[in-house]
Amino acid sequence: MITQPERREIAIYSREELCGGYFILWIWDEELSKKSFPGQFFEIRAHASLHDAWDSQHLPKLFKPISVYDNSGGRIGFFIKNVGPGTSALARLKAGDMLELIGPLGNGFPIVQGRRVMLLSGGIGYPPLWYLQKELIKHNLIFWLHGGACQEDVFPCDEMWTLDGSMGKKGMVTQGMAELIEAKKIDLIYSCGPISMLKASAQIAQQFGIEHYASLEAYMACGIGVCHGCVVPVGRVDNWDYLRVCKEGPVFNAADVLWSKI
Ligand SMILES: Cc1cc2nc3c(=O)[nH]c(=O)nc-3n(C[C@H](O)[C@H](O)[C@H](O)COP(=O)(O)OP(=O)(O)OC[C@H]3O[C@@H](n4cnc5c(N)ncnc54)[C@H](O)[C@@H]3O)c2cc1C
Ligand code: FES
C-alpha cells in the first residue's frame, strides 16, 4: 500500500560502521515505520544546518535516494555506500545528528506466498532485498545470490560472487542463475543492482519463463516525480513510453522494461 510521502527532520539513533566504505544509519519513527514497505526508499540528506557548519568542505546539500534496508517496530535502517559527495556527507553523520528525509517513496516489491524465490543483488542493490527477505521468509522458499566487485562488497546471503574471486565464486553473479533456477525450481525472481546485472538477469528469467521484479537504480534529481530525470522505457518495441523510476518504480516487472533502449 503506497502512502503519502512526508518530509521530516529526525535525529540519528545509532550508526554502524562496516568495511569498504559501507555504514548503516538507524532512525526511530513509528509512523514512518508503519508506512514503509520493502522496495521503497527515502530521499535523505544531512540536515542543512550541518552543511552550513561544514561549508568549508563545499559538500552539496543534495538529497539522495536510499532504500529502506530494515524496518521493524519503529526502527528504520539505511545501509549506505560512500561513493560521492551526497553519500560522503551522510558518512560524516553520527548518533544524535539530524537527518532530513522525504518518504517513503516509490512502489515497493509485491509480497507473495508459497513461491520458490530467487533474490539477486549486486553491490548496493543488497539493502532493499534484506528487508524484502524478512517479509517473505515465513511463507516462501528463498535462495539469495549476491555479487560484488570484491570481498568488501559481499554480505550475508546463500551464494556469494566476486569479480576478483576474493570471496565466494569468481565472476558475475548472473553466471550462477541458470543452474540454481533449475536446481531449486525457482518460480519468481526479485533483483536489485546495476543495470547491466538487471539486463542480464531479465534475459535469463525470460528464457526460463519466470516472473521477475527488478528494482532499478536510476540517477535521480528530484526523487519525487517532478523533473522526469529518472525515466526508463517501458512497453513493447512498437508501443512504449517512459515511466519515472522514482514514482512508478523503482520496482518494475522486468518483462515490461525495454532493456534494449536503456
Ligand atoms: C531507488 C534507489 C535506491 C537506492 N538505495 C541505495 C541504498 O540503499 N544505499 C546506497 O548506498 N545507495 C543507494 N542508491 C544509490 C545512491 O542513491 C547513489 O549511489 C547516489 O547517487 C550517490 O550519491 P553521491 O552524491 O554520493 O554520489 P554521485 O556523485 O551521485 O555518484 C558517485 C559515482 O557513482 C555513480 N552513480 C551514482 N548513482 C548511480 C546510479 N544510480 N547508477 C549508476 N551509477 C551511479 C556516478 O556516476 C558517480 O561515478 C539508491 C538509488 C536509487 C535510485
Ligand atoms: S527523479 Fe525527478 S522525476 Fe524521478
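All of the numbers you see were taken from the coordinates with simple rules; none came from a lab. Note that the coordinates shown come from a computational prediction; the quantities given were computed from them, not determined experimentally. Virtual Cβ from ideal backbone geometry, glycine too; neighbours counted across all protein chains shown.
If each residue of separation counts as 0.36 nm, what is the full-extension length gain between ALA11 and ARG92 once their alpha-carbon separation is subtracted?
Answer, rounded to one decimal: 27.8 nm.
Taking the Cα centre of region 116-261 as origin, work out the dipole magnitude from +1 charges on Lys and Arg Cβ and -1 charges on Asp and Glu Cβ, in debye rounded to 20.
Result for region 116-261 is approximately 120 debye, rounded to the nearest 20.
Which residues among region 183-225 fall inside the zone where the amide N is under 12 Å from a point 7 Å beyond the Cα of ASP158, along Cα→Cβ?
Zone members listed by number: 183-190.
Comparing ASP52, ASP97, ASP29, which has the greatest mean-square fluctuation in the GNM of the chain with Cα pairs linked when under 10 Å apart?
Greatest mean-square fluctuation among the candidates belongs to ASP52.
Mean-square fluctuation check for the chain, GNM, Cα pairs under 10 Å: which of VAL231, VAL251, VAL83 is largest?
In the Gaussian network model the winner is VAL83.
If amide hydrogens are placed 1.01 Å from N in the peptide plane, which non-local residues have theirs closer than 5 Å to the one on LEU18?
The list, which skips near neighbours in sequence, is PHE23, ILE24.
What range in the chain is the longest one free of trypsin sites (Lys or Arg not before Pro) that are in a loop by DSSP and have at most 16 other Cβ atoms within 10 angstrom?
Excluding the exposed sites themselves, the longest stretch runs over 186-262.
Find how much the distance from LEU18 to LYS134 grows on full extension, using 0.36 nm per residue of separation minus their present alpha carbon separation; answer in nm with one decimal.
Residue separation times 0.36 nm, minus the Cα-Cα distance, leaves 39.7 nm.
For the chain, build the charge dipole from Cβ charges (+1 Lys, Arg; -1 Asp, Glu) around the Cα centre, then report which of ALA183, SER260, PRO38 sits farthest towards its positive end.
In the chain, that residue is ALA183.
Determine the shape class of region 165-240: with a ≥ b ≥ c the square roots of the Cα gyration tensor eigenvalues, call it rounded for a/c under 1.5, and otherwise prolate if a/b is greater than b/c, oblate otherwise.
It is oblate, given that a/c is not under 1.5 and a/b is not larger than b/c.
Charges only on Cβ, +1 for Lys and Arg, -1 for Asp and Glu: so what's the dipole of region 6-105 about the Cα centre, in debye to the nearest 20?
180 debye
Can you tell me the orientation of helix 195-208 relative to the chain, as the angle in degrees between its alpha-carbon axis and the longest Cα principal axis, to the nearest 10?
It works out to around 30 degrees.
Does region 130-189 classify as rounded, prolate or oblate by the C-alpha gyration tensor (a ≥ b ≥ c root eigenvalues; a/c under 1.5 gives rounded; else a/b over b/c gives prolate, otherwise oblate)?
oblate
Which listed residue (TYR13, VAL68, LEU99) has the Cα farthest towards the positive end of the charge dipole for region 6-105, taking +1 on Lys and Arg C-beta and -1 on Asp and Glu C-beta about the Cα centre?
Among TYR13, VAL68, LEU99, the one farthest towards the positive end of the dipole of region 6-105 is VAL68.
Need the full-extension length gain, SER166 to TRP240, defined as separation in residues times 0.36 nm minus the C-alpha distance. One decimal, nm.
That pair, SER166 and TRP240, stretches by 22.5 nm at full extension.
Obtain the nm distance between the two label points defined at GLU30 and THR3 by a simple spin-label model: each point lies 7 Å from its Cα along the Cα-to-C-beta direction.
It works out to 1.2 nm between the two label points.
Which of the cysteines in the chain are isolated, no other cysteine C-beta under 4.7 Å?
By the Cβ distance rule, which asks for a partner under 4.7 Å, the isolated cysteines are CYS19, CYS150, CYS157, CYS192, CYS230, CYS246.
Roughly how many debye, to the nearest 20, is the charge dipole of the chain about its Cα centre, given +1 on each Lys and Arg Cβ, -1 on each Asp and Glu Cβ, and no other charges?
200 debye
Calculate the length of the line joining the C-alpha centroid of region 63-117 to that of region 184-229, in whole Å.
After rounding, the separation between the Cα centres reads 18 Å.
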